[in-house]
1. Mind listing whichever residues of segment 52-85 are under 16 Å from Y98 (Cα atoms) and under 16 Å from the mean Cα position of the chain (by Cα)?
2. I'd like to know if segment 81-101 contains one or more residues that are small (G, A, S), at pLDDT 90 or above and either outside any loop (DSSP other than H, G, I, E, B) or buried (at least 16 other Cβ atoms within 10 Å of the Cβ) (or both).
3. Which residues, taken from segment 26-70, are among the acidic types (D, E) and free of Cβ contacts under 8 Å to residues at least 24 places away in the same chain?
4. Restricting to segment 55-80, count the residues that are at pLDDT 85 or above and either out of contact with any helix residue (DSSP H, G or I) (no Cβ under 8 Å at 6 or more places or on another chain) or in a loop (DSSP other than H, G, I, E, B) (or both).
5. Can you name the condition, by its number, that A52 falls short on among (1) in a helix (DSSP H, G or I); (2) surrounded by 12 or more Cβ atoms within 10 Å (Cβ to Cβ)?
6. Filter segment 1-20 down to residues that are surrounded by 10 or more Cβ atoms within 10 Å (Cβ to Cβ) and among the hydrophobic types (A, V, I, L, M, F, W, C) and give me whichever is farthest from E79 (Cα to Cα).
7. Could you pull out the residue among E29, E13 that is in a loop (DSSP other than H, G, I, E, B) and not small (G, A, S)?
8. Restricting to segment 37-49, name every residue that is outside any helix (DSSP H, G or I) and under 15 Å from I21 (Cα atoms).
Amino acid sequence: MNIDLNKESTYQENMECDPPIVNHDFIEELGTKESSRRSFMTWERVAHSHGATYQEVYALANGKFEKCVDMIVYPGSSENVEHLVKMAHKHNVVLVPYGGGTNVT
């Protein structure tokens, strides 16, 4: 197979991520009581922008994701999720639920 077992892999220290697209009207109407926390931090956006497929793990180690999520929201209750979905619909915001991050369906 011609594989060099002594070769050590190098990984990038930081991953490049496009700046978030911020929908200010959505964020303002969503308010601060509807989530325990929200984040625009690059490392957190990268962490929630991939699963565990080979292509995604390779991109994480060596490249860049085609698209990173723009904002992470941690709803505190079922009611908060319901409000989040209503506000997303009203403001044309795409929501992507995130579970364990493996993309196993």
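The values are calculated or read from the model by the stated rules, or taken from the named source; none is laboratory data. As the structure is a prediction and not an experimental result, all values here were calculated from the model. Using ideal geometry, Cβ is built from the backbone for each residue, glycine included, and neighbour counts are taken over all protein chains shown.
1. Passing the criteria: A52, T53, E56, K67, C68, V69, D70, M71, I72, V73, Y74, P75.
2. Going residue by residue through segment 81-101, those that are small (G, A, S) are 88, 99-101.
Within this subset, residues satisfying the condition of being at pLDDT 90 or above are 88.
Adding the requirement that they be either outside any loop (DSSP other than H, G, I, E, B) or buried (at least 16 other Cβ atoms within 10 Å of the Cβ) (or both) leaves 88.
Checked against the condition, which is being small (G, A, S), at pLDDT 90 or above and either outside any loop (DSSP other than H, G, I, E, B) or buried (at least 16 other Cβ atoms within 10 Å of the Cβ) (or both), segment 81-101 yields at least one hit.
3. Selection gives E28, E66.
4. Applying the first criterion (at pLDDT 85 or above) to segment 55-80 yields 67-80.
Filter once more, so that each one left must be either out of contact with any helix residue (DSSP H, G or I) (no Cβ under 8 Å at 6 or more places or on another chain) or in a loop (DSSP other than H, G, I, E, B) (or both): 67-71, 74, 76-80.
Count: 11.
5. Evaluating A52 over (1) in a helix (DSSP H, G or I); (2) surrounded by 12 or more Cβ atoms within 10 Å (Cβ to Cβ) leaves (1) as the failure.
6. Restricting to residues being surrounded by 10 or more Cβ atoms within 10 Å (Cβ to Cβ) and among the hydrophobic types (A, V, I, L, M, F, W, C), the top hit is M15.
7. Working: E29 fails: in a loop (DSSP other than H, G, I, E, B).
Matching residue, one of E29, E13: E13.
8. Of the residues in segment 37-49, the ones outside any helix (DSSP H, G or I) are 37-41, 48-49.
Those that are outside any helix (DSSP H, G or I) and under 15 Å from I21 (Cα atoms): R38, S39, F40, M41, S49.
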